[in-house]
Structure formats: structure tokens, C-alpha cells
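Below: the structure, in C-alpha cells.
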Amino acid sequence: MDKMYLLNYTNKLDESTNHARARNASYSANMDGTAHQSIAPDARWSAKYRVKQKACTNRHHPHAHEKTAEHVYKGLAGLIIIEDEAESKFGLAQKTMELMIYL
């Protein structure tokens, strides 16, 4: 798999945060969320990712200094699911039967 994807992160909080840091994903360093890449309230940051990995589930969350847990609790976290052709050989549940829980 080698495709480009665009993800838009919009900050709906009343305070600044930084864009979501994707864990376990293969991507360039400038797409990794850090404190120096702030997103103001109601602002959007867009990331372009080139997917070069096999099927997997990645989680993303912000890394605003001393605010990560609070921002995750308020909804700034989620999953990035990468699928590929090889995955279908395992007979796993289809999208209509999957339930993703992020704890």
C-alpha cells in the first residue's frame, strides 16, 4: 500500500492544543504532533500521510503540555485504521461487524 491521505484536525476547544500524534503509524516527522505545532481554538491543521505499511490500527491524541489527558477526555483522540488486501485472507470481521473501543 502506498497512498496519500489527508486528515483534517479541527480544534473545537476553548484553548489551544496541538495536532494529534499518531502512534504506531509510519509517517514523516513533520506530521507527528508536538507542542511546537499549536492549533488555536476553531482552527484547523491538515496533515498529509503517505501510507506505507500493512494493515494495522493506530491511535492518535494531542500532546499539549500538561493537557493531554484533559484533551483526550474532551474527544481529541481516535483511531486510524489501515486495511490492505492481505487482511481479507484471515476472515476477520467486516466493517459492519467491528466495534472499536479506545480506552
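Read-outs throughout are calculated quantities, based only on the coordinates presented, and are distinct from any laboratory measurement. Every value quoted in this text rests on a predicted model; they were computed, and no experiment measured them.
Distant-in-sequence amide contacts of LEU13, defined by a placed amide H-H separation under 5 Å and a gap of 5 or more residues or a different chain, comprise ASP42. In order along the range 70-80, phi translates into HN-Hα couplings of 4, 5, 5, 4, 7, x, 8, 7, x, 10, 10 Hz, rounded to whole numbers, per the Karplus curve 6.51 cos²θ - 1.76 cosθ + 1.60 with θ = phi - 60° and x for Gly and Pro. Phi-derived couplings, Karplus 6.51 cos²θ - 1.76 cosθ + 1.60 at θ = phi - 60°, listed residue by residue for the range 41-52: x, 6, 9, 10, 10, 10, 10, 10, 10, 9, 7, 10 Hz, with x used for Gly and Pro. Computed from phi, the 3J(HN,Hα) profile of the range 57-69 under the Karplus parametrisation 6.51, -1.76, 1.60 (θ = phi - 60°) reads 10, 10, 10, 9, 7, x, 10, 5, 3, 6, 10, 4, 4 Hz, with x in place of Gly and Pro.
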